[in-house]
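Peer 1: If you scroll down you'll find the structure; I have some questions about it.
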Amino acid sequence: MVARHRHDHERGAMGLLDRLAGTKRPENGITPRTPAEVRTVLLGLNARDKPFAVLADREADLVAEWKIADARWSGYFGNVTTINRTLLRLDPERTEVRALDQEWSVTWIGSSPELTLASSHVRGQVNKKAWVTSIERDEHGNARKTTRTFSTGDLKPPLQDAVTGAGWTWRGVLFGKL
């Protein structure tokens, strides 16, 4: 009875850490795909109509980052001062993708962004929402309030769905190595 109680307690603690880290597991019965297939699925998320891109990266296997330097998306981001990237490491032994967020400072030089590591480095799972409100005139000269929202949470669901759809676990990293 004691051993079972300890096991239940450990599972509860692990469940809390999984919730904090944003861990997502595939549905039962999905056969895990190969690492190459998972990589292809994640890279397949790239599209002109999405404000983020998944790219090869030297710090990790892949990185998902916002297209702040892309002229088509500059209005979407406005003049944000921080931006988040998600580093992705494929772990074939555990059939999981480990995800670690980084926050970067953005300095705007004219209409071009320059990324630098934020002076107060953020590592782990970043969950932020920001909004910019502006008053603009419509075609009739009437004032119109426009609010743009930006959320780090907008980036992860497509990535998580791709990973779990491939039969792998999405594991957010809170501390430790990617």
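The values are calculated or read from the model by the stated rules, or taken from the named source; none is laboratory data. Owing to the predicted nature of the structure, the values given are computational and were not obtained by experimental measurement. Ideal geometry is used to build each Cβ from the backbone, glycine not excepted, and the neighbour counts take in all protein chains shown.
Peer 1: Going by the structure shown, is G12 at pLDDT below 85, under 16 Å from E96 (Cα atoms) and either in contact with a helix residue (DSSP H, G or I) (Cβ under 9 Å, 6 or more places away or on another chain) or among the small types (G, A, S) (or both)?
Peer 2: Judged against the criteria, G12 is not a match.
Peer 1: Please go through the stretch 51-95 and pick out each residue that is modelled with pLDDT under 85, under 15 Å from the mean Cα position of the chain (by Cα) and part of a loop (DSSP other than H, G, I, E, B).
Peer 2: The answer is P51, K67, I68.
Peer 1: Sticking with this structure for a sec: For the stretch 27-50, how many residues are in contact (Cβ under 8 Å) with a residue 60 or more places away in the chain and not β-branched (V, I, T)?
Peer 2: Here the count works out to 8.
Peer 1: Hey, can you tell me all the residues within the stretch 18-50 that are surrounded by 14 or more Cβ atoms within 10 Å (Cβ to Cβ) and of a type in the set (S, T, N, Q)?
Peer 2: Passing the criteria: only T23.
Peer 1: Taking into account only those residues within the stretch 20-49 that are of a type in the set (D, E, K, R) and more than 18 Å from W170 (Cβ to Cβ), which is modelled with the lowest pLDDT?
Peer 2: Within the stretch 20-49, the match that is modelled with the lowest pLDDT is D49.
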